[in-house]
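Written out below as structure tokens is the structure these notes cover.
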């Protein structure tokens, strides 16, 4: 069989038959990496939104201890914003669909792995701290916070809250990333191996 | 529609066969086909400002199409594992029978080999295939040799 002749027939009879869809410039993407980048962008918007609220509360609250707590949260959110922004810039630089296939596959693999690592780091550090900050803030709204923090039960409650939320947020993040990207990451790894093979 | 939009749409219109071909080689779900068609146009539009015309638009679009299809989350490709070669009228030595046999044989290759052989059969030189895939010319030649062996063996076995 002449492969090139058979290919021409195949092209004519099957491959270039139109598929459904209109030639218009779409506004949205369903590509996993584009979605990841959009999620990071949305994360930045939320960061700014919550930070604005905390800055407002910092000036509105009168109790010193609450101001200190809010100050810590504001600093944490600023760090979170900066890290998020840096990762987003990196992902944008890496995600180029017009590069060589191997480079794109390696780029996508790197984006997904970095995102997973970033989210797991967040789940260990930032989430529990924010939960603790929120806990202190919640306690201080109705009662005198300065009087509260000298009581042992306050510390017990705080430790219990952090002890529950730290592993919970870690395992929840791990489970969610495995469900969302675990299989996908495996497929990309396989494609990289197929490309490099021989 | 602004001028770059019009120019882009015209180029896509002229080269849409490439998008159809890439999709047909990898996908067999109607929903995936529709999604991927839009996605390839989206990714091409996003990258279009970087297109400097150093390669032909068709080659550039081929590369974007392949990258998008390979990195998109698709439904499992049932056809890869269960497509029965005997279900095609491939014993018949007609151009259609032979092309169907080739199609099934190509669909049984792994996804990267499928890309390399389709580019080769489309007339791309090993160097160009290497640029698209991110491999050296020699690596492409080795891969092509092996892929052709596999294809011929598969086709002979029919």
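The values are calculated or read from the model by the stated rules, or taken from the named source; none is laboratory data. Since we're looking at a predicted model, the values are computed, not measured. Don't worry about glycine lacking a Cβ; one is built from the backbone with ideal geometry, like all the others, and counts go over all protein chains shown.
How many of the residues making up the range A:95-104 are more than 7 Å from every other protein chain (Cβ to nearest Cβ) and farther than 17 Å from residue A:38 by Cα? Walk me through it before giving the result.
From the range A:95-104, those more than 7 Å from every other protein chain (Cβ to nearest Cβ) are A:95, A:99; that's our starting set.
This time we only want the ones that are farther than 17 Å from residue A:38 by Cα, so: A:99.
Qualifying residue count, the range A:95-104: 1.
Confirm whether residue B:96 is modelled with pLDDT under 80 and part of a helix (DSSP H, G or I).
In short, yes.
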Next item on the list: Please work out which residue is surrounded by the most Cβ atoms within 10 Å (Cβ to Cβ), limiting yourself to the range A:12-29 and to residues that are within 7 Å of another protein chain (Cβ to nearest Cβ) and farther than 15 Å from residue B:44 by Cβ.
Entry: A:15
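So which of A:191, A:137, A:88 is modelled with pLDDT of 90 or more and surrounded by 17 or more Cβ atoms within 10 Å (Cβ to Cβ)? Spell out how you get there, then give the answer.
Working: A:137 fails: modelled with pLDDT of 90 or more; A:88 fails: modelled with pLDDT of 90 or more.
Testing whether each residue is modelled with pLDDT of 90 or more and surrounded by 17 or more Cβ atoms within 10 Å (Cβ to Cβ) leaves just A:191.
Could you please let me know if residue A:97 is closer than 22 Å to residue B:73 by Cα, out of contact with any strand residue (DSSP E or B) (no Cβ under 7 Å at 6 or more places or on another chain) and not in a helix (DSSP H, G or I)? Reasoning before the result, please.
Details: closer than 22 Å to residue B:73 by Cα: yes; out of contact with any strand residue (DSSP E or B) (no Cβ under 7 Å at 6 or more places or on another chain): yes; not in a helix (DSSP H, G or I): yes.
Answer is yes for this residue.
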Checklist line | Some residue of the range A:54-75 being in contact (Cβ under 8 Å) with a residue 24 or more places away in the chain, away from every other protein chain (no Cβ under 14 Å), under 15 Å from the mean Cα position of the chain (by Cα) and surrounded by 15 or more Cβ atoms within 10 Å (Cβ to Cβ) | finding: no
